[in-house]
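The values are calculated or read from the model by the stated rules, or taken from the named source; none is laboratory data. Since we're looking at a predicted model, the values are computed, not measured. We place every Cβ from the backbone using ideal geometry, glycine too, and count neighbours over all the protein chains shown.
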Amino acid sequence: MHEWMADNSHTPHIVVDTSVDGVTVPPEHVKDGKIILNISESAAHNLKLTNDAVSFRARFSGVAFDVWVPMRSVLGIYARETGQGMIFSHDAETAEHIEPVSAAEDAEEISSRPHLTLVK
């Protein structure tokens, strides 16, 4: 998503849950336990996007700060110009507690779904 936004001259921003362990952001810019970070090439120097974390150096109110954001704390990414992006689901913990559905229940659910038909 970040690469696509940059290729299309959009400014990528991420929404971060600052309550997650390991998040290193300037606390004075956190609002309601979240922070929005501009991760464009012009704002995020030495940007590193890995499967584990987002890290970069940026200026906040003129003061340089090394940002470290674990991927599990990233709630979404969007383009500033359009507001379009993706919200990420972190329901891996709750997925373990979901009761498995039997084949009969699954078939019943599928048959009760509406069907689309082609209208000419």
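Results, tabulated for the structure shown:
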read-out: Residue that is modelled with the lowest pLDDT, among those in region 53-65 that are surrounded by 12 or more Cβ atoms within 10 Å (Cβ to Cβ) and not aliphatic (A, V, I, L, M); value: F60
read-out: Pairs, first of a type in the set (V, I, T) in region 46-58, second loosely packed, with under 12 Cβ neighbours inside 10 Å, C-beta under 9 Å, six or more apart; value: V54/K48
read-out: Hits in region 31-61 (condition: touching a strand residue (DSSP E or B) at 6+ places or on another chain (Cβ under 9 Å), small (G, A, S), part of a loop (DSSP other than H, G, I, E, B) and more than 15 Å from I77 (Cβ to Cβ)); value: G33
read-out: Selection count where residues are more than 15 Å from D21 (Cβ to Cβ) and within 8 Å of the chain's Cα centre (by Cα), scope region 64-84; value: 3
read-out: Region 3-30: number of residues that are under 15 Å from M86 (Cα atoms), part of a loop (DSSP other than H, G, I, E, B) and of a type in the set (A, V, I, L, M, F, W, C); value: 0
